Amino acid sequence: MYYYPSHPPYLLLIIGLFAALTSGVALAGTLKIIVNKWRSDGAEKSNSQLSIKQLSVPFLGITGGVILFMCSGFEIFGFPPLLAYAVGVPVTILTSLLVWLQLGSMMAFVQRQGMQSLDLDTLK
């Protein structure tokens, strides 16, 4: 009655984790470049559409890696493959969409208010 995979997808789990981590490093580096450019030129003068396009490829890499990681993890823990993908894909896409919207709103806020609006050290 129980489902036990004959060949658990350990390799896919590792590949998904690797893809998500390397894409995360690329996203962090791209964000650092954008923030440094905003500090030197002023965030109000920059083009936010260009920044969003630069961030979209690493973010999609993170999303794809997390989808592969989650679905493989569900399969390893005993979910049938169809159910693992039916749960893992919507959860990951919804979470990624919410994070993307939050990132976009924070970038728009900085562009409107300037870099000083995110100074969290003065909020003691």
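The values are calculated or read from the model by the stated rules, or taken from the named source; none is laboratory data. Note that the coordinates shown come from a computational prediction; the quantities given were computed from them, not determined experimentally. We place every Cβ from the backbone using ideal geometry, glycine too, and count neighbours over all the protein chains shown.
Kindly indicate which of SER96, SER56, SER72 is among the polar types (S, T, N, Q), touching a Pro at 6+ places or on another chain (Cβ under 8 Å) and modelled with pLDDT of 90 or more.
Only one candidate qualifies: SER72.
Looking at the range 76-96, which of its residues are of a type in the set (Phe, Trp, Tyr) and part of a helix (DSSP H, G or I)?
Passing the criteria: only TYR85.
Among the residues of the range 2-36, write down those that are at pLDDT below 85, over 22 Å from the mean Cα position of the chain (by Cα) and surrounded by 15 or more Cβ atoms within 10 Å (Cβ to Cβ).
The one that is at pLDDT below 85, over 22 Å from the mean Cα position of the chain (by Cα) and surrounded by 15 or more Cβ atoms within 10 Å (Cβ to Cβ): PRO8.
Would you point out the residue of the range 82-118, among those that are aromatic (Phe, Trp, Tyr) and surrounded by 14 or more Cβ atoms within 10 Å (Cβ to Cβ), that is farthest from LYS37 (Cα to Cα)?
Checking each candidate, the answer is TYR85.
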